[in-house]
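Written out below as structure tokens is the structure these notes cover.
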């Protein structure tokens, strides 16, 4: 055994000791899941990875994503042992005032994204690798991702694998920690390493099998992998869960359990195994630094140019907006999930293929890939897809929020105006979903002009943004030079005798405007508000106008009532004596023409007129 | 060519004609996606499948799931051509008053579940096959599932494949329609049939490759497949998208497009190809009928048996409830996603392994599998997992609602009391998600007794049910013989001088009770309501009590404000002059002890006391 190998083995055991001491702090955590990857982490940090230890977010650095985020303690231990922060801080693990949380989050300067939700780390790593190979074309950094074997039952893993091999991302190295055991018992494939090999090879990966506790084999394998071209690599590491952590070693029932009384004995045994006096191995720097390019001021290449009152679908306008920001800003990329014909995002592909990323059918992978592509501000990603399909990506979006990502999501085909394709294809819970994402900005534009501006605003907004569009043609109502701001609603009809504030967005605005015309002919005046952003909502504007007209609000939305615009308004006025009536899609819709469905499900102009007349009876 | 082969070929072309005529009705639909599977459908319906044509839901029948639901017209055409309903009804396709919708839904008596959301059909088919192999052990029915090649990028497909081969479901035959083209362009693997073969073989499938337009080959292949034991089969059908539908044949840009002016020419050509005068092939009946067993009255095998005021986590009580209904009702099955150690559902496995289904890590697949297992009332499925992970399954759940499924979902680890594992592991958007599911019943029990009763009620409730539990120990507050009803809240503290109605559930109820004690010592009385079900919500009870105490409500929940309990209450009182104050988790939490986090994120007793004192100032 060379000195280097011995040192790396000893460091692995030092990391194990750090883990045991750290999890003793709160007596919670997953030590056995840490121990199985101790040698892998040691070899990565002290031999293989090239990175600037004190500027961990330097774009030139190799990336490491710990998809099995519950093994966070050994990742923290490695950064501390390498010298990034004091080792004695490790025992703050999982305590309230420490950022060394149970699962990694980017509160820590050396973490790019939150991980720990099964399978979600890999698509992020794949997104980073895509950028490294296709966008940062002169960069040399590589992307490593440690995946638990239990994670391999998670579908998004295979979607992401499919993407990475399709694009031949040879800068990606996935390490699967095949320790055989999941949370409860044996994983689907157990210790059958050949089965893993067959699956990864069938997905077009360079596969190497390695004893995950043998430092020499690991070094050799990482070296081999670094030379493979035109294919991503998978290292299948045969490991032992709880290695050196008797009694948990290779045993069921020890997932997420601390050793308690056995801790000291294990530490003593590990200490006895460490014989290196002075360590010479250390992290290797990246070959050169790369500047972080923070240029977030994105503008449409040309202002909206629509003909007043002519009809356009907002999904088309959204695609036009995407083309314009792609034209004006080199960091904007559009991620499609094989729906670009109906979302019109193929326009981006037509304009510049290199700025259009085909993710194939998997919104969950696409969101993760975009989050990866956004890391270290390498790109400003826009995911373009159909709204209903985004329910597939809820976990990825949730994790994106915890990761403080700045991705933008454009949804076409929202609401019942989808028409003949039926309820399967209609997004009717998207506002509920995105409202429940902390910090998310939700645009719900009502015409082509406001949609293009929503795209422009989204590109400049921190956090996750969501733009709700539809495939139903509606007239242009705003001048091309109209100014829009996040959180600012617009009053479109206003009369001194207004009796009701009607708040709406998207397709329903046009139904409300039609209703307003009919009602005003009958002498009943309503104030019409186009909400523009559902989150943040224009609370001040709502309160001012509602109080102006006597405290009565009607909301109209092409969405289920639960979690939608109506409830957003209700929450905004909760502590006031304002009465709110909500019109929303009352049940699962069916196929029909858009026009028929608006009527059948109660959100058309005639329904709105009827509701308002019922509200006021003969009192007008 | 035998007569049979010629007839089946001719029927395929008849089906093509039906499709063309049907899509001409609304000039919307996906004819080219139908045409590629015409021969497959013909052979399945008129040669391979065994089913009672006029009782399509007979449990003895072979099942067919069209996962690529947008090809619905050819499925409808087959049922009509077979004689289940008149062929002339096909031209009602996609119209408002017809159940022949754009994607199949179980409004039609021959459809088990809604399909058309990419990839979601396969797990359902797999769930049916699991039942056929493991539960309906004397049944002979087989399960066929037609999957589009574009769907194969969808992760859940691979999760479901992993499950089916793990359980050696040899009654399952998947047909992949490899027509090369997705929505926009070529799929990831294009026409590379060998690549598909490698992937499916690596996932332990018996694979046969077939010319999907060659009836003889199809017959042979289906016959071979029927003899394979201990392995599920995949038939890789090389097909041409838009076959015989020139100009769309094998061409990009034709997905979801009708032929318009070319329709008549195509129909003429197809008619010329059909030479059979009198057809002799017809659907084959199943060997015998199977009774549908509708026995939905489920009871706990024994009443709750908890010690008053002793602390139990509600996730543990939920697992106890599951064991009790498994004991008392033979149709109850529990589906785990490898988290049964921390959800305690391993208790079911310990009681009876045959009633516990290990789905491995994939909530999306698990929900689909449970939906499949519920079809034709074969089982009463309970999915048991962690709440945060359910965000992975939002699309599957959404599709379940459209499918009118009766599945039950138990979520452990909801809210910030998850503690040290941090925000990744905390469900804080689950109420928003399930509230937006039409017809979903949401239980949010507050102690062990009410949790067991929630499980019992859920088992007897139609539609999707959701039970929100946590891993935080709370005292028992209800007598073991207390009666619970869906939609009925419970008043726990009641005083003539009550000034405020406080509505809460789960962990927060105990914080509110603690706050009530402190406040009442200060002479400020609050009425405390345990909501029990968030949906349906006890609107009557809320209104009555709120008006009783003067119209002021405070809600407290361990969930984000958006879409949660507070908004459910707001929606219930929207049209009244009632002021609602909402306390919820205000931002993404962090690691810490449960107790610390309750305080830090503003939902502990002391926060509640402070808020209420601020609300009332010196006015009490």
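The values are calculated or read from the model by the stated rules, or taken from the named source; none is laboratory data. Owing to the predicted nature of the structure, the values given are computational and were not obtained by experimental measurement. Positions of Cβ are backbone-derived with ideal geometry, glycine not excepted, and every protein chain shown enters the neighbour counts.
Side notes on the structure shown:
- Per-region count, region B:233-262, residues away from chain A (no Cβ under 14 Å), modelled with pLDDT of 95 or more and outside any loop (DSSP other than H, G, I, E, B): 4
- For region A:56-85, a tally of residues being in contact (Cβ under 8 Å) with a residue 24 or more places away in the chain and not in a helix (DSSP H, G or I) returns 15.
- Residue that is nearest to residue B:472 (Cα to Cα) [pool: residues in region B:572-611 that are touching a helix residue (DSSP H, G or I) at 6+ places or on another chain (Cβ under 6 Å) and assigned to a helix (DSSP H, G or I)]: B:594
- Selected residue (criterion: surrounded by the most Cβ atoms within 10 Å (Cβ to Cβ)) from residues of region A:547-566 that are within 16 Å of residue B:577 (Cα to Cα) and in contact with a helix residue (DSSP H, G or I) (Cβ under 9 Å, 6 or more places away or on another chain): A:553
- Qualifying residue in region A:353-368 (condition: in contact with a strand residue (DSSP E or B) (Cβ under 6 Å, 6 or more places away or on another chain) and assigned to a loop (DSSP other than H, G, I, E, B)): yes
- Only one of the numbered conditions (1) surrounded by fewer than 24 Cβ atoms within 10 Å (Cβ to Cβ); (2) at the interface with chain B (Cβ under 10 Å from one of its Cβ atoms); (3) out of contact with any helix residue (DSSP H, G or I) (no Cβ under 9 Å at 6 or more places or on another chain) is not met by residue A:188, and that is (3).
- Any chance residue B:209 is more than 14 Å from chain A (Cβ to nearest Cβ), touching a helix residue (DSSP H, G or I) at 6+ places or on another chain (Cβ under 6 Å) and under 29 Å from residue A:195 (Cα atoms): yes
- Scanning region A:111-122 for residues that are under 18 Å from the mean Cα position of the chain (by Cα), under 15 Å from residue A:232 (Cα atoms), within 14 Å of another protein chain (Cβ to nearest Cβ) and in contact (Cβ under 8 Å) with a residue 40 or more places away in the chain turns up at least one hit.
- Among residues of region A:536-554, those that are within 33 Å of the chain's Cα centre (by Cα) and either under 19 Å from residue A:508 (Cα atoms) or not assigned by TED's automatic domain parsing to the domain that holds residue A:499 (or both), counted: 3
- Residue within region A:99-120 that is in the same structural domain as residue A:151 (by TED's automatic domain parsing) and part of a helix (DSSP H, G or I) present: no
- Residue selection: residue A:156 satisfies the criterion of being modelled with pLDDT of 95 or more, in contact with a helix residue (DSSP H, G or I) (Cβ under 7 Å, 6 or more places away or on another chain), within 30 Å of residue B:395 (Cα to Cα) and within 14 Å of chain B (Cβ to nearest Cβ).
- Scope region B:288-335; condition touching a strand residue (DSSP E or B) at 6+ places or on another chain (Cβ under 6 Å), touching a residue at least 40 places away in the same chain (Cβ under 8 Å) and within 20 Å of residue B:353 (Cβ to Cβ); matching residues: B:318, B:322, B:325, B:331, B:332, B:333, B:334, B:335
- Top-ranked residue in region B:375-389 [being part of a helix (DSSP H, G or I) and touching a strand residue (DSSP E or B) at 6+ places or on another chain (Cβ under 6 Å); ranked as farthest from the other protein chains (Cβ to nearest Cβ)]: B:387
- Top-ranked residue of region B:337-365 - restricted to ones that are within 11 Å of chain A (Cβ to nearest Cβ) and out of contact with any helix residue (DSSP H, G or I) (no Cβ under 7 Å at 6 or more places or on another chain), ranked as surrounded by the most Cβ atoms within 10 Å (Cβ to Cβ): B:339
- Scan region B:162-179 for residues that are in contact with a strand residue (DSSP E or B) (Cβ under 8 Å, 6 or more places away or on another chain) and within 13 Å of chain A (Cβ to nearest Cβ) and the total you get is 1.
- The residue list A:400, A:372, A:422, A:415 contains one member that is surrounded by 24 or more Cβ atoms within 10 Å (Cβ to Cβ), more than 9 Å from chain B (Cβ to nearest Cβ) and within 24 Å of residue B:105 (Cα to Cα), which is A:415.
- Residue in region B:313-333 that is modelled with pLDDT of 95 or more and under 17 Å from the mean Cα position of the chain (by Cα) present: yes
- Residue A:461 vs. criteria more than 21 Å from residue A:312 (Cβ to Cβ) and surrounded by fewer than 24 Cβ atoms within 10 Å (Cβ to Cβ): yes
- Only one of the numbered conditions (1) in contact (Cβ under 8 Å) with a residue 60 or more places away in the chain; (2) touching a strand residue (DSSP E or B) at 6+ places or on another chain (Cβ under 7 Å); (3) assigned to a helix (DSSP H, G or I) is violated by residue A:216, and that is (2).
- Residues (without any contact (Cβ under 8 Å) to a residue 60 or more places away in the chain, closer than 13 Å to residue B:490 by Cβ and not in a loop (DSSP other than H, G, I, E, B)) located in region B:514-543: B:527, B:528, B:529, B:541, B:542
- Of all residues in region A:82-110 being over 27 Å from residue A:377 (Cβ atoms) and out of contact with any helix residue (DSSP H, G or I) (no Cβ under 6 Å at 6 or more places or on another chain), the one that is nearest to the other protein chains (Cβ to nearest Cβ): A:95
- Against the test of being modelled with pLDDT of 95 or more, at positive phi and either within 14 Å of chain A (Cβ to nearest Cβ) or surrounded by 24 or more Cβ atoms within 10 Å (Cβ to Cβ) (or both), the options B:487, B:505, B:439 yield a single qualifying residue, B:439.
So that you can scan it fast, the table gives a plain yes or no per residue for (1) surrounded by 16 or more Cβ atoms within 10 Å (Cβ to Cβ); (2) under 21 Å from residue B:25 (Cβ atoms); (3) in contact with a helix residue (DSSP H, G or I) (Cβ under 8 Å, 6 or more places away or on another chain):
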residue: B:232; (1), (2), (3): yes, no, yes
residue: B:241; (1), (2), (3): yes, no, yes
residue: B:245; (1), (2), (3): yes, yes, yes
residue: B:253; (1), (2), (3): no, no, yes
residue: B:259; (1), (2), (3): yes, yes, yes
residue: B:267; (1), (2), (3): yes, yes, yes
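- Residue in region B:135-143 that is part of a strand (DSSP E or B) and either within 19 Å of the chain's Cα centre (by Cα) or assigned by TED's automatic domain parsing to the domain that holds residue B:400 (or both) present: yes
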